[in-house]
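The values are calculated or read from the model by the stated rules, or taken from the named source; none is laboratory data. Just so it is clear, the structure is predicted and the values come from calculations on it, not from any experiment. Cβ: placed from backbone, ideal geometry, glycine included. Neighbour counts: every protein chain shown. All accessible areas refer to the heavy atoms of the entire protein, side chains included, with ligands and DNA or RNA removed. Shrake-Rupley method; radii C 1.70, N 1.55, O 1.52, S 1.80 Å.
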Amino acid sequence: MSFKILLFALLAAIQPCIYAGDTNSPYLKGGKIDAFYDRKDNGDFQVNSILWSPIFKGGHGIQVSETGGQDINYFGGFARALLTRPELGDLILGAQQVLQGDRKQTEMQGEYRLPSGLGFGGGFVDRNLSDQDIKFAKISYRNEWQSIKYIVSAQWQRFQEQDHSGGYLALYNKQLMASWGSDGEQWRSTLGYVAPDQGANKLRPAIEIFYVDNTIGQVNGSKDMMVTGSLGFRKGFLGHKSRLGRAMGPTGVEFANPLGYLNPNFNRRLTAWEVGDFVNFRFIHKTLPNTGREETLETAIYPGQLLGTDSLANALFVGIGVPARIRGKMASAACWVITSALITLNPALGCNTILTAMIPLSFSV
């Protein structure tokens, strides 16, 4: 089955939801349309667009090189084919593709979950100019015991003609979440906390520690740790549903935050100034295979929200970003001060725009 045929099938699968009722149908409420532009110092830039809804999540992006490299196009989507028939369970189907010159990477995956919580899934990645193809199959089970929800999965994965066994476990309640798992090529773990909701415009701290070790398999990759926090969590990136997409790995098939093996993909990671209100931060530490490391610190502060003003000033923030590359005792870094406005265009649709201005600096030690 070609990628285009499957992508058409994904769109066809959501038709019953679209025609489930009038425009007040709950299957059309919620979600977002997101457009993101990012330009590098060397002139390279990226444009990413997302359509996010209860029944379909997908998008397209392009990375354009101004330094002689080949442009990268990527697109894909995930659909919930049984959303209007919950008595039949849940069926999630996904397809993604990355194109760069003659290189083509295609990924397809899906999972069917019975109403009892038992699930069966699988998928594959095909790379036409590489031997790093992937196939996987999985069994999962999700349920709740008292106030604790849990998900456990066992899986088989074939990578470069080698078979690996693995699985993932996630435990969470309304405030806390912890997960751990491995697929044979990497292992990952998350720990998250979300404070109780005290109402609109109130402090609600949230934090997540996310760790991935890519050194355990045939490909010696990096070790990555990302810590993200906010004093004003509302929804999205730091919530448990979104965290499950990162926690359960590339085979998780978690519709709330659908990921996969391919990179880049349409489901971009939110920037530090998008994860919450009041004060946000993110720290990323990456240990490279050559013993070097990269570190990034990003912050965003909303002075108007901290002062309790009720005006457009609440949308203004000031941020600082410091990325650094460290080899031995030498470090080079760039620092920028960001002033920005996050302006709500239509609260009913949840449509936002972000305007930013950056003052770059650089230093080395």
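Pairing residues of the range 122-133 that are assigned to a loop (DSSP other than H, G, I, E, B) with residues that are surrounded by fewer than 14 Cβ atoms within 10 Å (Cβ to Cβ), at Cβ distances under 7 Å and at least 6 apart in sequence or on separate chains, gives N128/R103; L129/D102; L129/R103; D131/Q160; Q132/Q160. Looking across the range 170-209, the residues that are outside any strand (DSSP E or B) and polar (S, T, N, Q) come down to N173, Q175, Q186, Q198, N201.
Kindly indicate whether any position in the range 72-83 is assigned to a strand (DSSP E or B), touching a Pro at 6+ places or on another chain (Cβ under 7 Å), over 22 Å from M248 (Cα atoms) and open to solvent by 20 Å² or more (accessible area, probe 1.4 Å). Looking for residues that are assigned to a strand (DSSP E or B), touching a Pro at 6+ places or on another chain (Cβ under 7 Å), over 22 Å from M248 (Cα atoms) and open to solvent by 20 Å² or more (accessible area, probe 1.4 Å), one finds at least one in the range 72-83, hence yes. Suppose we keep only residues that are among the aliphatic types (A, V, I, L, M) and assigned to a strand (DSSP E or B) within the range 84-117. Which one would you say is surrounded by the fewest Cβ atoms within 10 Å (Cβ to Cβ)? Per the criteria, the residue is L99.
Quick one: how many residues across the range 136-174 are farther than 21 Å from W187 by Cβ and polar (S, T, N, Q)? So the answer is 4. Only residues that are part of a strand (DSSP E or B), open to solvent by less than 60 Å² (accessible area, probe 1.4 Å) and more than 21 Å from A200 (Cα to Cα) were counted across the range 266-285, and they come to 3. Applying a threshold of 9 Å to beta carbon distances and a minimum spacing of six or more residues, or different chains, the list of pairs starting in the range 82-106 at a residue that is free of Cβ contacts under 8 Å to residues at least 12 places away in the same chain and ending at one that is among the hydroxyl-bearing types (S, T, Y) reads L82/Y112.
Residue-level check: of (1) exposed (fewer than 15 other Cβ atoms within 10 Å of the Cβ); (2) part of a strand (DSSP E or B); (3) at pLDDT 65 or above, N290 misses just (2). Residues of the range 309-321 that are free of Cβ contacts under 8 Å to residues at least 24 places away in the same chain and either among the polar types (S, T, N, Q) or open to solvent by 60 Å² or more (accessible area, probe 1.4 Å) (or both): T309, D310, S311, N314, V318, I320.
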